[in-house]
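Written below as structure tokens is the structure these notes are about.
The values are calculated or read from the model by the stated rules, or taken from the named source; none is laboratory data. The structure presented is a predicted model; accordingly, all values stated were derived computationally and were not measured. For the accessible areas, the whole protein counts, side chains as well, though only heavy atoms, and no ligand, DNA or RNA atoms are used. Shrake-Rupley method; radii C 1.70, N 1.55, O 1.52, S 1.80 Å.
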Amino acid sequence: MNFFVDFFSNLINTLNGFVGDYGWALVLLGIITKVIILPLYVRQIQISIELSSKMKKIKPYLLKLQKKYGESKKPEDIQLLYKKQMELYQNLGFNPFSSCFMTLLLSFIQLPILAGVFFAVKKEITILNGISFLWIKSLANPDMILFILYILSMYLSFKLTPTAYDDEASKKQTEQMQVIMLLIFSFVFFSFPSAFILYWLSFNLTSIPISALLYRIFKPTEISEEQLKRVSQLVEGK
């Protein structure tokens, strides 16, 4: 852990030596870390768009399966429902859990980086205490305006994420989860040093235009008539 913290501490100081400002060094660090994980991030968005598109198209078939097998509480019927759903996904050539896997993989990579940057900032807190950046009086202390910008960046990131269903109930549930997550982030990170929030804001702001561009240019594969026919036969039990 000490090696990890020392690595980010030295990196922050190296970038500061390069740009001549700790604030811009942290901004640059946020951009660099996003670029490093960019291939995985792009893949996550592609999978998310693909999954969202196909789940919306097959929703009527899933509802039929749930109505046919899901009303029973018998373990064998629940198991049969799960089996039929997985067969349906296989017929369409996608895995509904692939998005979860990519999210977990990205979290597994990003969380240690966030922890490393946070403890590196804590290590350099004495130096950062006397350094201002833009309107921020001290990078060692919390800043309300910066924190609001950070929360807004999280909100925009949530809004850019496609949902699997387009009905009002699903949208409302998703929005409620997003509000809860924003409240948790607000409570946990409100008192964190501006240096760390500045890094994370830069990381998020780098993500937003990339996400917006990918959602515009990436087109999910279409479900063929043959695939829909097989799905219909599966649901009807033919």
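Going from most exposed to least, what order do Glu226, Glu87 have by accessible area with a 1.4 Å probe?
Accessible-area ranking of Glu226, Glu87, largest first: Glu226, Glu87.
Give me the distance between the Cα centres of segment 87-163 and segment 194-215, rounded to whole Å.
Here the answer is 8 Å between Cα centres.
Could you rank Tyr89, Tyr82, Tyr155 by how accessible they are, 1.4 Å probe, largest area first?
Numbers: Tyr89 25, Tyr82 120, Tyr155 100 Å².
From most accessible down to least: Tyr82, Tyr155, Tyr89.
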